[in-house]
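The values are calculated or read from the model by the stated rules, or taken from the named source; none is laboratory data. These figures come from a predicted structure and were not determined experimentally. Every residue, glycine among them, receives a Cβ derived from its backbone with ideal geometry; neighbour counts consider all protein chains shown. Side chains are part of the model used for accessible areas, which takes the heavy atoms of the whole protein and leaves out ligands, DNA and RNA. Shrake-Rupley method; radii C 1.70, N 1.55, O 1.52, S 1.80 Å.
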Amino acid sequence: MNEIESAAKTGLRFQCLSFTEVIGQSIANIAPSATPAFTIPAVFVLAANGTWLSYLFATIAVLLVGVHINCFAKRSASPGALYTFITDGAGPATGFISGNGLVLAYLLTASAVLPPFANFMNVVFGYMGFQIPPVVICLVGALFGWFVVYKDVKISAKVMLTCEAVSILMIIVLGIIVFAKSNFQLYGNVVTLRGVSFDNIRLGLVLAFFSFVGFESATALGKEARNPLRNIPKAVLISGAVVGTIFVAFSFVEIGGYLTVKGDLSQATAPLNFLAVKNGVAPLGLLISIGAMISFWSCFVACTTAAARIMHSMSHEKMMPEVFGKVHAQNQTPYISSTVLVVVEFAVPAVMLIAKLDPMAIFSYCGTIATLGFLVSYLLVVIAAPIYLKKCGQLQAKHIVLAAVTFLVLMIPLIGSVYPIQPFPFFLFPIIFAAWLVISAIWYFAVKARNNAAETVEEETEMAG
């Protein structure tokens, strides 16, 4: 089956996305302008002056994972993303279980970013003197996000990339202003890691890693990207490297900026607004808040886009209900799976908001489980890559060594997610995720048995005829 026939079978729009639109998917999933605005203070609580080092280690880990993802992405293109890659290397059972974990990870990441989206929209509304209930803002954001995903993958990619580019540019301008006005002597404690222990770096790494998750989501556009065997691998590595550089740089900028004005970064809910005001460029803070708001929304769209295509692939392989494989005749998007995802992605934070949880708590709860899903998928793709290369007759000793190193690096945030045992409710999250994987395994073997039985009946019917 050639590429055109394969694409026609999926129903997705064939090779309609340029390289910039493909990389827009990965960058939007990372939401790089949201991390300086929301996540770096949370990492600072754990890693203190070692925040930049946690982000540096996370960047290295992401790039190592990207190299292994590209072992597959350079050789095959599929909307199944890591689910298909892991299946090709480690077999269908492992592929399905990890794919289900990846769908959960994308879903909960989308749920995690809706409350911060509402939070920053209310920051913007605050300049106008009013506020709107966060659950209402989340509903509007989810509905608008659903429309973009449902309507056209090209519109989705262009909107996400444009929003992120403008937002990042404003953040860089603020960073230059803050750095220029900072007391450079105060950066000495940051560079020398004063008061920082290994545990600080390790714990900070877990949350820093969450800032990158979804960087591989461009792989879900395997049928929709032009020249996918070239553009998707480039998008995976470039997106990780570029945003990693931004995160490391802004760890310095925010810590130094707060030290200069004697602020407390660990208590910051809108750090870039604070720094803009303190450095005499308050209007820029408002613009960055708008950018962060859009960045969180773009992440919601990117997560839904990627998860819907994985579900679409699973459906076509008869491992999920057939309805999830349906593609809109005109828009050529997996509209049923997208719709189901958006309903759940909104419902999860809506229930928490109604229960009076604050946006940071929802972000942390959903994000912790999501991070486990991504970490497990990344670990499995690292294991699957050498197996796949051996099947292709291209395995070399360097591939095995690199896989071993990457595996050990990834174990640091994974172990940090479960040990030391976290307080309630965080200690429950690894148990919840493990239960999801067990359910996925049971589902896989039950569906496989049913499919085998159906094939046997069909063969017997044909023989009898």
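General observations
- Looking only at the stretch 200-227, residues that are part of a helix (DSSP H, G or I) and of a type in the set (S, T, N, Q) come to 3 in all.
- Of all residues in the stretch 73-84, those being farther than 15 Å from L341 by Cβ and either at pLDDT 95 or above or in a loop (DSSP other than H, G, I, E, B) (or both) number 6.
- Of the residues making up the stretch 432-451, one or more are within 25 Å of F96 (Cα to Cα), among the hydroxyl-bearing types (S, T, Y) and either open to solvent by 80 Å² or more (accessible area, probe 1.4 Å) or within 29 Å of the chain's Cα centre (by Cα) (or both).
- Scanning the stretch 85-99 for residues that are farther than 25 Å from F346 by Cα and open to solvent by 20 Å² or more (accessible area, probe 1.4 Å) yields a count of 6.
- Top-ranked residue in the stretch 1-56 [being closer than 19 Å to V236 by Cα and either surrounded by fewer than 21 Cβ atoms within 10 Å (Cβ to Cβ) or basic (K, R) (or both); ranked as modelled with the lowest pLDDT]: Q15
- Residues satisfying the stated conditions in the stretch 186-228, i.e. more than 30 Å from P420 (Cβ to Cβ) and aliphatic (A, V, I, L, M): L186, A218, A220, L221, A225
- Within the option set G204, G244, G222, G214, being within 19 Å of the chain's Cα centre (by Cα), touching a residue at least 24 places away in the same chain (Cβ under 8 Å), on the phi > 0 side of the Ramachandran plot and surrounded by 24 or more Cβ atoms within 10 Å (Cβ to Cβ) holds for one residue only, G214.
- Count - residues of the stretch 339-373 that are of a type in the set (S, T, Y) and within 17 Å of V140 (Cβ to Cβ): 1
- Pair list, Cβ < 6 Å and 6+ apart or interchain, from the stretch 384-405 residues that are on the phi < 0 side of the Ramachandran plot to residues that are open to solvent by 80 Å² or more (accessible area, probe 1.4 Å): P386/I400
- Among (1) in contact with a helix residue (DSSP H, G or I) (Cβ under 6 Å, 6 or more places away or on another chain); (2) of a type in the set (S, T, Y); (3) at pLDDT 90 or above - the single one T245 does not satisfy: (1)
- Considering residues of the stretch 349-379 that are in a helix (DSSP H, G or I), in contact with a Phe, Trp or Tyr (Cβ under 9 Å, 6 or more places away or on another chain) and open to solvent by 40 Å² or more (accessible area, probe 1.4 Å) only, the residue modelled with the lowest pLDDT: M360
- Scanning the stretch 280-295 for residues that are of a type outside the set (G, A, S), open to solvent by 20 Å² or more (accessible area, probe 1.4 Å) and within 12 Å of V178 (Cβ to Cβ) yields a count of 2.
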